[in-house]
1. Only residues in segment 8-32 that are within 21 Å of L122 (Cα to Cα) count as the first member; pair them with residues that are β-branched (V, I, T) and outside any strand (DSSP E or B), Cβ under 7 angstrom, at least 6 apart or cross-chain, and list the lot.
2. Checking A46 against (1) part of a loop (DSSP other than H, G, I, E, B); (2) in contact with an Asp or Glu (Cβ under 7 Å, 6 or more places away or on another chain), only one condition comes out false. Which one?
3. Considering only residues that are part of a strand (DSSP E or B) and among the hydrophobic types (A, V, I, L, M, F, W, C), which ones fall in segment 5-26?
4. Of all residues in segment 74-95 being surrounded by fewer than 16 Cβ atoms within 10 Å (Cβ to Cβ) and closer than 11 Å to A46 by Cα, which is modelled with the lowest pLDDT?
5. Condition first: at pLDDT below 90 and on the phi > 0 side of the Ramachandran plot. Now tell me which residues in segment 122-149 satisfy that.
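The values are calculated or read from the model by the stated rules, or taken from the named source; none is laboratory data. Bear in mind the structure is a predicted one, so any value in this text is a computation, not a measurement. As a convention, Cβ positions derive from the backbone with ideal geometry for all residues, glycine included, and neighbour counts pool all protein chains shown.
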Amino acid sequence: MKLDLSEIARSPGMHATQEVDEPCPEDLGLACASPVSGKVEISNTASLLLVEGEIATEVKLECSRCLTDFALPVETTIQEQFRLVKVGDAASVLPMDEEDASTEVIDNNVLNVGELIRQSLLLVLPIQPLCRPDCQGLCPTCGENLNVRKCACPPAEPESPFKALAGLLKEVESDTEA
């Protein structure tokens, strides 16, 4: 979704609201269970163009413990500022600093709302998604999903840093008995 900001850039004090109902951004690297919805408000403060909004969707993720797929509801806010540079009757919308000039958010007074949505969603996604907070994960021996049922594997012995010493103690004890 792209918005032409030429008119609002020329009119200080102007506000505009745009409803968002878009499919999931293709370059997000994820699939959405529902379209991205919400609204974006654009305001001209004479020196800045403010873009604020709230969006929501459901993202399909894989649990990092049990590897099952689940849908995670995601809500985030968009808050961006752009400089307004006026030349005569025309106004140009530019990124706040030169480092942001390489991004694809704004180009020739056209705002790429899809890119803003993509960036906002990526920032709120968990690094290690969990299907539920008390996820049991997989059995390390047989791979059974412990959320579904318990497996018959014996409990794993905890690793001890003194395990090698215990083996030496058994050798010493067997040598003294002999």
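1. V20/V113; E22/I117; P25/I117
2. For A46, the exception is condition (2).
3. At the first step, the residues of segment 5-26 found to be part of a strand (DSSP E or B) are 15-22.
Within segment 5-26, A16, V20 qualify.
4. Checked segment 74-95; the qualifying residue modelled with the lowest pLDDT is K86.
5. Matches in segment 122-149: G143 only.
Yes or no, residue by residue, for (1) in contact with a His (Cβ under 7 Å, 6 or more places away or on another chain); (2) more than 20 Å from I106 (Cβ to Cβ); (3) at pLDDT 90 or above:
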| position | (1), (2), (3) |
| --- | --- |
| C24 | no, yes, no |
| D27 | no, no, no |
| A31 | no, yes, no |
| P35 | no, yes, no |
| E41 | yes, no, yes |
| L50 | no, no, no |
| A56 | no, yes, yes |
| L61 | no, yes, yes |
| L67 | no, yes, yes |
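A quick yes/no check of all residues on (1) at negative phi; (2) surrounded by 11 or more Cβ atoms within 10 Å (Cβ to Cβ):
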| residue | (1), (2) |
| --- | --- |
| N109 | no, yes |
| L116 | yes, yes |
| Q119 | yes, yes |
| C151 | yes, yes |
| D175 | yes, no |
